[in-house]
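The values are calculated or read from the model by the stated rules, or taken from the named source; none is laboratory data. Note that the structure is a prediction, hence the values are computed from the model and not measured. Here Cβ is always computed from backbone atoms with ideal geometry, including for glycine, and neighbour counts include all displayed protein chains.
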Amino acid sequence: MKVLFVCDEKDDWNYYRNLFAGNFSKIEVAFSLDKEDALDKLNFEGPFALIIVDASLKGEEPSDIADAVVEIAGERPIMFIGEKIHISSRIRPNLYEDNDINEILIKPFQPEDFVATVQKGLEWVRQEEFEQSIIELDRSEVLPMRIRNFYLFDKVPYEVYLELTSTKFVKVLGKNKKYSQADINAYAKRGIKQLYLFKNEYLKLLEEGIKKVVFVLKQKNKQSPKVLMAAQIKGVLLVHQYIKSVGVTKSLTELCSEIIETTSIVFRSYQKIKTLLNDFPFNQYDTAEQAVFTSYLCEAMLCGLGWASDTSRKKLGLASILYDSMLTNEDLAKIKALDDRNLLMFTEDEQIEYKEHPRLAAEMARQFQGYSDVDFIIVQHHERPKGDGFPNRLTSNKLTAHSCAFILATAFSTRLALLPGEQGNHLKVFREIKTLYNVGNFKEPLDALQRTTF
C-alpha cells in the first residue's frame, strides 16, 4: 500500500518517513514538492491509498491539490496537516466538514495523533477494497477488452481486472464503483492496452456500449460533427471486439449502419478533407481512428467522382469499418506492406496474422446482409498498381474503381498514422501516394482525393 505526501519542506521528510517506518512498516511513502509533481506521481506511480497535504505549502493552494487528486484518482482519503491558521485560511471547510473520509491534523501534534489519523484513512481504504487482492484465474474464464472502451462509462456493473501473469489478475475497477477518465489514462500511460472481464460480463458490457453509441449516432442531425466523429470511433472500437467474440448480430449491423450514415452527414458540413482534418479527433491513431478516417476519405472520393450513391457508400463504409478488424496487435495497422521492414520487428505469428488479415476480414464481411462486394474490396486493400501487393498480386487494370478508391484511402490513413501531429502531414502523405498510385484505374479516384486534400 502507498501513501503520497505533498510537502515542500524537505527537512520534514525524514521525520514523517520515520513516523511511517516505526508505525506502518508495510506502507511505502512517496513525497512531492508541489502539485505538478504530485499529479505526475498519481498518474505514473500509483495507486495511492492515502494522500497527505501540508496546508502551509508555498505557491500552491492545498485545496486545489485536493480537487485535482479527486479528479485524477477518484475518491480516497485526504489528510491535511498544518497549523491552525493555515488550516482555517487555506483549506476549504467543505473538504473536511462535509466529507467523512478526509481529516485534518493541527500542528503541533503528538506522534500518536498522527498515527491515529493515518490509521483512520487506511481503514477506510481497506473497507473499500482499494488494495485489491490478487486472484488466480484460468485464462479461459476472462476476455481482454481494449482500455479505450472504458472511456465510454464512468462506472461499470462488473469487476474489471488487470493481468499480472497468465494466471494471476488484480481487480482495478470495482463493481458499480465510479471512476474518472484520469483513472483510465493512468493505466494507458503505463502502456496497458487492455483490461479483463469475465466472459459473460464482457459481452454484456460490449452490448451496453453499442446501445450508448447507437443512441448518440441516431441524433446525428442534432449533435456536433466533433461529437459524432468521436462516437463513430467508439463504435468501431466496439465493432472490432464484438465481431471477434460474438460475430454479426442485429445490434452490430445496426451500429455499422449508423456509423456509415453518419459519415455522409458529417462530411457535408466540411466538404473537404483538409477542413475536416482540423476537427478529426486523432488521439491514438489506432485501428478505430484509422477506420473512421478512411471512411471520410472514401466519402470525399465518392463525392468528387459523382459516385455517392447509397450502394457505394455502404460498400466502402463497411469496408472501412472492417478492413483491419482482425488484427490483434494494433501496431500492425501501421505496417504499409509486406516489404515494410518494420514488419520484421513483430513475432512470426504476428507477421502471419498480418498476411492473413485481409482474407479473415473479408470472410467476416460476408456475414453482413445487404452489403455487396465488400469482401472483394477488403481482401484487395493491400494490392498495389504494379502487382507487388498482396494477397493476389493484382495490377491496377484488374482492380475495380471502388477497390482503387479504397486502397488509396487505406494507404493514406496508414501513412497519416505514422506522422502523428505534424503540421502539413496530409500533404506529405498525398505526395507519397501520388508517386505510387498515379496509374491506370487509380488515376480518377486519386484526382478526386487531390481535389479534397488541397
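Scan Val227, Val246, Val239, Val213 and give me the residue that is in the same structural domain as Val160 (by TED's automatic domain parsing), β-branched (Val, Ile, Thr) and touching a helix residue (DSSP H, G or I) at 6+ places or on another chain (Cβ under 8 Å). Give the steps one after another, and end with the answer.
Working: Val227 fails: in the same structural domain as Val160 (by TED's automatic domain parsing); Val246 fails: in the same structural domain as Val160 (by TED's automatic domain parsing); Val239 fails: in the same structural domain as Val160 (by TED's automatic domain parsing).
Of Val227, Val246, Val239, Val213, the one residue that is in the same structural domain as Val160 (by TED's automatic domain parsing), β-branched (Val, Ile, Thr) and touching a helix residue (DSSP H, G or I) at 6+ places or on another chain (Cβ under 8 Å) is Val213.
Is there a residue being over 19 Å from Lys226 (Cα atoms), small (Gly, Ala, Ser), modelled with pLDDT of 95 or more and part of a helix (DSSP H, G or I) anywhere in region 305-319? Full working, then the answer.
Step one: filter region 305-319 for residues over 19 Å from Lys226 (Cα atoms), giving 305-316, 318-319.
Filter once more, so that each one left must be small (Gly, Ala, Ser): 306, 308-309, 312, 319.
From what is left, the residues that are modelled with pLDDT of 95 or more are 312, 319.
In the following step, the residues that additionally are part of a helix (DSSP H, G or I) were identified as 312, 319.
Yes - at least one qualifying residue is present in region 305-319.
Filter the helices (runs of 4 or more DSSP H) completely within region 398-454 down to those with at least 1 residues that are in contact with a Ser or Thr (Cβ under 7 Å, 6 or more places away or on another chain). Steps first, answer last, please.
On the way: elements: 401-417, 425-437, 443-453.
Where helices (runs of 4 or more DSSP H) fall fully within region 398-454 and carry at least 1 residues being in contact with a Ser or Thr (Cβ under 7 Å, 6 or more places away or on another chain), they are 401-417, 425-437.
For Ser295, work out the one condition from (1) farther than 19 Å from Leu427 by Cα; (2) of a type in the set (Gly, Ala, Ser); (3) assigned to a helix (DSSP H, G or I) it doesn't fulfil.
(1)
Give just the number: which of (1) in contact with a Ser or Thr (Cβ under 9 Å, 6 or more places away or on another chain); (2) modelled with pLDDT under 95; (3) over 18 Å from Arg146 (Cα atoms) does Lys244 not satisfy?
(3) is the only condition that Lys244 fails.
Taking strands (runs of 3 or more DSSP E) that fall entirely within region 133-182, which contain at least 3 residues that are surrounded by fewer than 13 Cβ atoms within 10 Å (Cβ to Cβ)? Quick ask: steps written out before the conclusion?
Values: elements: 134-136, 142-146, 160-163, 168-173.
Of the strands (runs of 3 or more DSSP E) lying wholly inside region 133-182, none has at least 3 residues that are surrounded by fewer than 13 Cβ atoms within 10 Å (Cβ to Cβ).
Answer yes or no as to whether Val213 is touching a Lys or Arg at 6+ places or on another chain (Cβ under 6 Å), among the aliphatic types (A, V, I, L, M) and either at pLDDT 95 or above or surrounded by fewer than 16 Cβ atoms within 10 Å (Cβ to Cβ) (or both). So that I can check it myself, show each step before the final result.
Values: touching a Lys or Arg at 6+ places or on another chain (Cβ under 6 Å): yes; among the aliphatic types (A, V, I, L, M): yes; either at pLDDT 95 or above or surrounded by fewer than 16 Cβ atoms within 10 Å (Cβ to Cβ) (or both): yes.
Yes: the conditions hold for Val213.
Being in a loop (DSSP other than H, G, I, E, B) and acidic (Asp, Glu) is true for just one of Glu123, Glu60. Which residue is that?
The match here is Glu60.
Filter region 16-50 down to residues that are among the hydroxyl-bearing types (Ser, Thr, Tyr) and over 20 Å from Ala186 (Cβ atoms) and give me whichever is surrounded by the fewest Cβ atoms within 10 Å (Cβ to Cβ). Explain how you work it out, then say what you get.
Let us first name the residues in region 16-50 that are among the hydroxyl-bearing types (Ser, Thr, Tyr), namely 16, 25, 32.
Right, trim to over 20 Å from Ala186 (Cβ atoms) and you get 16, 25.
Working: Tyr16: 20, Ser25: 7.
Applying the filter and picking the extreme gives Ser25.
For the subset of region 58-67 comprising residues that are of a type outside the set (D, E, K, R) and at pLDDT 90 or above, which member is surrounded by the fewest Cβ atoms within 10 Å (Cβ to Cβ)? Full working, then the answer.
Start the filter on region 58-67 by keeping residues that are of a type outside the set (D, E, K, R), which leaves 59, 62-63, 65-66.
From what's left, at pLDDT 90 or above: 62-63, 65-66.
On the way: Pro62: 24, Ser63: 17, Ile65: 21, Ala66: 21.
The selected residue is Ser63.
Scanning for something assigned to a helix (DSSP H, G or I) and free of Cβ contacts under 8 Å to residues at least 40 places away in the same chain, does region 43-57 turn up at least one residue? Spell out the reasoning first.
Step one: list which residues in region 43-57 are assigned to a helix (DSSP H, G or I), which gives 43-44.
Okay, now just the ones that are also free of Cβ contacts under 8 Å to residues at least 40 places away in the same chain, so none.
Within region 43-57, not a single residue is assigned to a helix (DSSP H, G or I) and free of Cβ contacts under 8 Å to residues at least 40 places away in the same chain.
Mind checking whether some residue in region 343-350 is under 20 Å from Ser403 (Cβ atoms) and either part of a helix (DSSP H, G or I) or in contact with a helix residue (DSSP H, G or I) (Cβ under 8 Å, 6 or more places away or on another chain) (or both)? Write out each step before concluding.
Within region 343-350, the first condition is being under 20 Å from Ser403 (Cβ atoms), and the residues that meet it are none.
Within region 343-350, not a single residue is under 20 Å from Ser403 (Cβ atoms) and either part of a helix (DSSP H, G or I) or in contact with a helix residue (DSSP H, G or I) (Cβ under 8 Å, 6 or more places away or on another chain) (or both).
Only one of Ile259, Ile265 is crowded, with 20+ Cβ neighbours inside 10 Å and either within 20 Å of the chain's Cα centre (by Cα) or closer than 20 Å to Leu318 by Cβ (or both); which?
Details: Ile265 fails: crowded, with 20+ Cβ neighbours inside 10 Å.
From the options Ile259, Ile265, the qualifying one is Ile259.
Quick one: which residue in Ala49, Ala55, Ala73 is at pLDDT 90 or above and of a type in the set (Gly, Ala, Ser)?
Values: Ala49 fails: at pLDDT 90 or above; Ala73 fails: at pLDDT 90 or above.
None of the others qualify; the one that does is Ala55.
Is it the case, given these coordinates, that Ser224 is under 24 Å from Leu302 (Cα atoms), surrounded by fewer than 22 Cβ atoms within 10 Å (Cβ to Cβ), of a type in the set (Ser, Thr, Tyr) and free of Cβ contacts under 8 Å to residues at least 12 places away in the same chain?
Working: under 24 Å from Leu302 (Cα atoms): yes; surrounded by fewer than 22 Cβ atoms within 10 Å (Cβ to Cβ): yes; of a type in the set (Ser, Thr, Tyr): yes; free of Cβ contacts under 8 Å to residues at least 12 places away in the same chain: yes.
Here the answer is yes, as Ser224 does meet what is asked.
Pick out the one residue from Phe368, Phe390 that is more than 21 Å from Leu255 (Cα to Cα) and among the aromatic types (Phe, Trp, Tyr).
Details: Phe368 fails: more than 21 Å from Leu255 (Cα to Cα).
Sole residue among the options that is more than 21 Å from Leu255 (Cα to Cα) and among the aromatic types (Phe, Trp, Tyr): Phe390.
Here's a check for you: in region 268-293, which residue that is hydrophobic (A, V, I, L, M, F, W, C) and under 20 Å from Val214 (Cα atoms) is surrounded by the fewest Cβ atoms within 10 Å (Cβ to Cβ)? Can you show your working first?
As a first pass, look at region 268-293 and keep what is hydrophobic (A, V, I, L, M, F, W, C): 273, 276-277, 280, 282, 288, 291-293.
If we keep only those that are under 20 Å from Val214 (Cα atoms) too, we end up with 280, 288, 291-293.
Values: Phe280: 20, Ala288: 27, Ala291: 28, Val292: 29, Phe293: 27.
Taking the candidates together, the pick is Phe280.
Scan region 381-396 and tell me whether some residue there is part of a helix (DSSP H, G or I) and either assigned by TED's automatic domain parsing to the domain that holds Gly247 or modelled with pLDDT under 95 (or both).
yes
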